[in-house]
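Taking it in order: structure first as structure tokens, then the write-up.
The values are calculated or read from the model by the stated rules, or taken from the named source; none is laboratory data. Keep in mind the model is a prediction, meaning the values are calculated, not measured. Note that we place each Cβ from the backbone using ideal geometry, even for glycine, and neighbour counts take in every protein chain shown.
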Amino acid sequence: MNFTSNQKVFINSLLDQLNFNQILKSNTDKFMMEYFNQLLKSYKKFKDLANCEYLMILYNNVERVIPKNAILSIIYKDNGEFFEAESFSIFDYLKLEIMIKKNELYDIIETNSIYISASDIANFTYCPVSFAISRSIKYKTLASAKIGLELHETSFINSMIFNKSKKEQVNSIEKIYYDESFKTLSDILKNCDILYSGHSPNDKVKYFKSSRGNFIGQPDFILRDRTTNKIFVIEEKYHYIPKQFINYRNTEYYGDVHKKNRNEREKQIGYDNHINQLLSYVYGIADYEIDYGILIYWKYEIEENKRNITKCSFKIFYKNEEHQINLNKIYLKIKSFLRNKNLEFDINIRNPKKCASCINNILCGHKTGNFNDISLPYNSKYLKVNKGSFLESFEKDEKNYIEKLFEYTIPEA
Ligand code: SF4
């Protein structure tokens, strides 16, 4: 994306307030340059964070409803439940991060829980800072997390296990029925019984514990294979893929686009945080003798704002010494962090792509590389922002702000 010189000045001022070096002025900080480039690709997935609750005000002696904590450059639509951000730019994302941190708009999570959950293990594997944030503060639910919840409701596992007829499957599963991975997975699951389903209303409330009771977890499924009598867990994740590329002109250019699209769609996925989450169930659940775990990625496309799962990829993880040692290491590190409330942070482990996609990005101060330790709970010193000309505009008189809000962001009622 190309920016005008005025836009560059503005971006630098926003990044400066977030305690970043001014990355667009010099190429000295490679991490920051790469982080910003990655953020340009990923910021749109954070759009839901800009949605606003209703706030009732008196405006010219008339009661009006306005978006609470709005960003003036965003256009909002009242969707009947809240104000939905219709527009969202990289500038808005950076402004939102400043506003949340400056006005402490996050909620504090009060927990002294001694339990280490499967989600803790996944978060810690992704980044220890993300773990500390998840245990300390929270902002709104991300669109990607909501997509997961929404798609979870349509889990295919039940229909695969109960081996529905082809016609029933085609009706309910449509395109995915023709996916090779899906067929292989169906063959594995058709001989299985469900021992536990995180999707069932009765099981949803149940948490499994380890034999010593320090680990808690709730997998998506625990199944028994009737042919081998082995018991295994399933963890389901959701992954966006581009729609199938259809081209009738066989030019070199389209060849490349087609290849990229096909690679994206066919890619075998397996992220370390998801793998460790799955393995924590395999090793941690004491109620059953679990033999292995299957990590499934349901791949969805978006058509007319509807998410359709059209492909899948899966991998089986058997118990082995290496898995156990790795998992133990993470478990012990978390335990020690919970006990000492402090952990060293090596700024060199930061990964620009990871940071730009991180669910706790907007609350994180460590991505700047300014801190060498992490405290638990996540200390407010990490969330400090610099005062800049933009921040001063937050400290506007309320009347001016409300007038601008009506002028720019919300259509007349
Ligand atoms: S933004 Fe980066 S440093 Fe911060 S929690 Fe996420 S991955 Fe870790």
Restricted to segment 336-348 and to residues being in contact (Cβ under 8 Å) with a residue 60 or more places away in the chain and assigned to a helix (DSSP H, G or I), the residue nearest to the ligand (Cβ to nearest atom) is F337
What's the number of the condition Y288 fails, among (1) surrounded by 21 or more Cβ atoms within 10 Å (Cβ to Cβ); (2) not in a helix (DSSP H, G or I)? (1)
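More than 30 Å from M33 (Cβ to Cβ) and either within 15 Å of the ligand (Cβ to nearest atom) or in the same structural domain as I90 (by TED's automatic domain parsing) (or both): is that true of F314 in this structure? Working first, answer last.
Details: more than 30 Å from M33 (Cβ to Cβ): yes; either within 15 Å of the ligand (Cβ to nearest atom) or in the same structural domain as I90 (by TED's automatic domain parsing) (or both): no.
Taking the combined requirement at face value, the residue does not satisfy it.
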Qualifying positions in segment 349-358 - more than 7 Å from the ligand (Cβ to nearest atom) and crowded, with 19+ Cβ neighbours inside 10 Å: A356
Residue check, K146 modelled with pLDDT of 85 or more, touching a helix residue (DSSP H, G or I) at 6+ places or on another chain (Cβ under 9 Å), not hydrophobic (A, V, I, L, M, F, W, C) and not in a loop (DSSP other than H, G, I, E, B): no
Suppose we filter A118, A122, A85 for residues that are surrounded by 18 or more Cβ atoms within 10 Å (Cβ to Cβ) and free of Cβ contacts under 8 Å to residues at least 40 places away in the same chain; which single one remains? A85
Note on segment 75-106: residues over 18 Å from Y54 (Cβ atoms) and in contact with a strand residue (DSSP E or B) (Cβ under 7 Å, 6 or more places away or on another chain) are Y106
Would you mind stating whether Y35 is within 25 Å of K384 (Cβ to Cβ), buried (at least 18 other Cβ atoms within 10 Å of the Cβ) and not small (G, A, S)? yes
Tally up the residues in segment 83-134 that are within 20 Å of L18 (Cβ to Cβ), within 16 Å of the ligand (Cβ to nearest atom) and of a type in the set (G, A, S), please. 2
Test result for K30, over 30 Å from Y331 (Cβ atoms), surrounded by 12 or more Cβ atoms within 10 Å (Cβ to Cβ) and in the same structural domain as F131 (by TED's automatic domain parsing): no
Can you tell me which of (1) among the hydroxyl-bearing types (S, T, Y); (2) within 22 Å of the chain's Cα centre (by Cα); (3) farther than 30 Å from Y283 by Cβ is the one T125 doesn't meet? (3)
Can you name every residue in segment 96-111 that is over 20 Å from the mean Cα position of the chain (by Cα) and under 17 Å from P67 (Cα atoms)? M99, N103
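Give me a count of the residues in segment 359-409 that are at pLDDT below 90 and either within 16 Å of the ligand (Cβ to nearest atom) or not in a helix (DSSP H, G or I) (or both).
Selection size over segment 359-409: 6.
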